[in-house]
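Accompanying notes for the structure given below.
The values are calculated or read from the model by the stated rules, or taken from the named source; none is laboratory data. These numbers come from a predicted model, not from an experiment. Positions of Cβ are backbone-derived with ideal geometry, glycine not excepted, and every protein chain shown enters the neighbour counts. Heavy atoms of the whole protein, side chains included, go into the accessibility calculation; ligands, DNA and RNA do not. Shrake-Rupley method; radii C 1.70, N 1.55, O 1.52, S 1.80 Å.
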Amino acid sequence: MIAFRALRAAALATALLAASLPAPAADRNKVFRYAFPIAETSFDPQKISDLYSNILNSAMFDAPLKYDYLARPLKLKPNTLAALPEISADGLTYTLRVKPGIFFADDPAFGGQKRELVAEDYAYSIKRLMDPKLAAPLLAEVEGIIAGSDEALAKARKANRFDYDAPIEGLKVLDRYTLQIRLTKPYYVFIYNLADCRVSCAVAREVVERYGDDIGSHPVGTGPYRLGYWKRSSKIVFEANPGFREEFFDGEPRAGDAEGEAILATQKGKRLPQVGRVEVYIVEETQPRWLAFLNEEHDLLFEAPSEFANTGWPGNQLAANLRRRGIQMGQVPGLDLTFAYFNMEDPLVGGYTPEKVALRRAISLAYNTKDEIAIVRKGQAIPAHTPYSPGVAGYDPDFRTTANEYSVAKARALLDMYGYLDRDGDGYREQPDGRPLVLENASTPSARDQQIDELWKRSMDDVGLRMTFKKAKWPDLLKESNAGKLMMWQLGGAASSPDADTWLSVLYGPNSGFKGNRARFRLDAYDRLYEQARVLPDGPERTRLYQEMTRLVVAYAPWKVNTHRILTDLWYPWVVGYRRPAVQSNNFWKYIDIDLAKLPR
């Protein structure tokens, strides 16, 4: 602690000595530190699907659009574009005009020349999603949606290579700064992809071709930060990009939004980014993450672990000892969902026959979500009724399902009815044909997952189902999930856009596998409803279709829909301008400041 305070004091002294000099866009003396509970998977934006890797990539790469940092409800704004896309009256054609004078960070791939961002970079980056070699998780956002994508994919799959120089009907570079995207149908949620780094962040072709399969270790973008140091699954350091374009803080909080208005008053007009260095630590266990924050080793506790709610924010009020230290708290209902998926191709829990549906329904009925909320999450969640969260377009607070019904008696009755019986008297049931029945649930070695494992085990014991656990680190489980090798896995998912489609798309049959449908759920009735809904604008008819799809999810139980989390962040008084992004994968670093005068001496 003494060494740490000395270092921060030295940084303060250096800053004060340089006060008379012109201030750079980002002050290298300003260091922001916090932790992730899950390791990064790749720095290739089109290769990743997880929340935390997307946060990191969004600091280094630029999508065409962004969300206003302060607006609630969310509002799309131009990022690298001169204006919002021009959308044709039929909803099929998007015209994007890139602002001149935006440059990629320097890299040997550019041969010592400054490399400007142009329309072709966005066309190339979107094409990368269609490259079979990449196996892009967000392929479903363009496949069959951008005109000519099906034909391009068919050729690429046949040849086992993607021809980046071949024209695609729906991706036309009209001039150096203008890209035209044409869709096959008017998908009203498509515009959100232009703010999702995993779909549309610009990468340079020269960089991809120079580094090949190792591109995920050599991120080169146009964003406010660049990679400075990287120790895999341990520590990542980002430095302010010295060539970042001239950009100044602004925002549009709604009238009466006290928090947003206060941030705007403090930050408006400041050049971005302000912080010169960001340090991200991978700390999987909750207690070390909590203690690192309390010891002032981290400046922000991003999604404070709920197990500390009773001591840190009892009754959802910041504890007095933390208030005395000037610590601030933000708490929002997340646009998120926790759920357990069943692999519908697994020979034990998968399938659509009545006895397989009955098994999944019984497992869902037997799991005590209320205990998870009360014991594990310390009240920091609410039960979910739908496979999408409150706060997104298409959510109806009056719509209710039996998704979170808890009934041991009903679960036992279902198992008995369909022949899952305890034939040998050991307290555990066998399959209807007498073969052993052993459920395998995947989870990480973290203390919190251990608690959830214990709750699953107790819940399954209550109905005579034997459950074991496959323990591995999160990135390794992700790889096995992509390959369809997990029987069950409980996950948390954050919205990538403010629309229920962000979750419903990952139950759509054609998206099975690496494209997001981890359950590999394939139901014609669901797929037909999804295809009808995806071409409708937000409104009563689309909401009705979403609700019909939800009823099918509850009936067939490819997911055990679980909770919506309440997200709590804590930060020290020297962190200025922090506000949790409503879309959690959006990077916020360039909007915050560090008040050097408030740092501990």
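Put simply, of TYR572, TYR578 the only residue that is over 23 Å from the mean Cα position of the chain (by Cα) and aromatic (Phe, Trp, Tyr) is TYR572. Just so you know, in the stretch 459-481 the residues that are farther than 18 Å from ILE363 by Cβ and hydrophobic (A, V, I, L, M, F, W, C) include one that is modelled with the lowest pLDDT, and it is TRP474. Applying the criterion of at least 3 residues that are of a type in the set (Ser, Thr, Tyr) and in contact with a strand residue (DSSP E or B) (Cβ under 8 Å, 6 or more places away or on another chain) to the helices (runs of 4 or more DSSP H) found wholly in the stretch 143-215 leaves an empty list. Could you tell me whether any residue of the stretch 330-352 is in a helix (DSSP H, G or I) and either surrounded by fewer than 21 Cβ atoms within 10 Å (Cβ to Cβ) or among the polar types (S, T, N, Q) (or both)? No, the stretch 330-352 has no match at all.
Can we say GLN180 is open to solvent by 20 Å² or more (accessible area, probe 1.4 Å) and either of a type in the set (A, V, I, L, M, F, W, C) or in contact with a Leu (Cβ under 7 Å, 6 or more places away or on another chain) (or both)? It is true that GLN180 is open to solvent by 20 Å² or more (accessible area, probe 1.4 Å) and either of a type in the set (A, V, I, L, M, F, W, C) or in contact with a Leu (Cβ under 7 Å, 6 or more places away or on another chain) (or both).
Considering ARG128, ARG157, the condition of being among the charged types (D, E, K, R) and open to solvent by less than 20 Å² (accessible area, probe 1.4 Å) is satisfied by ARG128 alone.
Results for (1) open to solvent by 30 Å² or more (accessible area, probe 1.4 Å); (2) assigned to a strand (DSSP E or B); (3) touching a residue at least 24 places away in the same chain (Cβ under 8 Å), shown as yes or no for each residue.
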| residue | (1), (2), (3) |
| --- | --- |
| LEU491 | no, yes, yes |
| TYR530 | no, no, yes |
| VAL535 | yes, no, yes |
| ASP538 | yes, no, yes |
| THR550 | no, no, yes |
| ASN562 | no, yes, yes |
| ARG565 | yes, yes, yes |
| THR568 | no, yes, yes |
| ARG580 | no, no, yes |
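Checked against the criterion of being out of contact with any His (no Cβ under 7 Å at 6 or more places or on another chain), among the aliphatic types (A, V, I, L, M) and over 26 Å from SER42 (Cβ atoms), the candidates ALA195, ALA136, ALA154 yield just one match: ALA154. Beta carbons closer than 7 Å, at least 6 apart along the sequence or on distinct chains, pair a first residue in the stretch 343-361 that is in contact (Cβ under 8 Å) with a residue 12 or more places away in the chain and at negative phi with a second that is in a loop (DSSP other than H, G, I, E, B) and hydroxyl-bearing (Ser, Thr, Tyr) for PRO354/TYR418; GLU355/TYR418; ALA358/TYR418; LEU359/TYR420. Within the stretch 442-466, the residues that satisfy the criterion of being more than 26 Å from ALA304 (Cβ to Cβ) and crowded, with 19+ Cβ neighbours inside 10 Å are SER459, MET460, VAL463, GLY464, LEU465. Residues that are of a type outside the set (D, E, K, R) and touching a strand residue (DSSP E or B) at 6+ places or on another chain (Cβ under 7 Å) within the stretch 115-141 comprise LEU117, VAL118, ALA119, TYR122, ALA123, ILE126, listed in sequence order.
Of the listed requirements (1) closer than 29 Å to LYS485 by Cβ; (2) surrounded by fewer than 21 Cβ atoms within 10 Å (Cβ to Cβ); (3) at pLDDT 95 or above, GLY513 misses just one: (3). With the condition kept exactly as written, say whether any residue in the stretch 14-30 is open to solvent by less than 20 Å² (accessible area, probe 1.4 Å), basic (Lys, Arg) and at pLDDT 95 or above. Among the residues of the stretch 14-30, not one is open to solvent by less than 20 Å² (accessible area, probe 1.4 Å), basic (Lys, Arg) and at pLDDT 95 or above, which makes the answer no.
Okay, residues lined up against (1) touching a Leu at 6+ places or on another chain (Cβ under 7 Å); (2) without any contact (Cβ under 8 Å) to a residue 12 or more places away in the chain:
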position	(1), (2)
ASN241	no, no
GLU252	yes, no
GLU259	no, no
ALA262	no, yes
THR266	no, no
LEU294	no, yes
PHE302	no, no
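Scanning the stretch 80-107 for residues that are of a type outside the set (A, V, I, L, M) and not in a loop (DSSP other than H, G, I, E, B) turns up GLU86, THR93, TYR94, THR95, ARG97, PHE103.
Residue-level analysis places ALA39 among those that are of a type in the set (A, V, I, L, M, F, W, C), more than 20 Å from PRO224 (Cβ to Cβ) and open to solvent by less than 20 Å² (accessible area, probe 1.4 Å). Selection over the stretch 407-441 of residues that are of a type outside the set (Val, Ile, Thr), part of a helix (DSSP H, G or I) and open to solvent by less than 70 Å² (accessible area, probe 1.4 Å) gives a count of 4. Within the set THR401, THR386, the sole residue that is touching a residue at least 24 places away in the same chain (Cβ under 8 Å), open to solvent by less than 20 Å² (accessible area, probe 1.4 Å) and of a type in the set (Ser, Thr, Tyr) turns out to be THR386. Within the stretch 76-89, restricting attention to residues that are of a type outside the set (S, T, N, Q) and over 22 Å from MET60 (Cα atoms), the residue that is nearest to the chain's Cα centre (by Cα) is PRO85.
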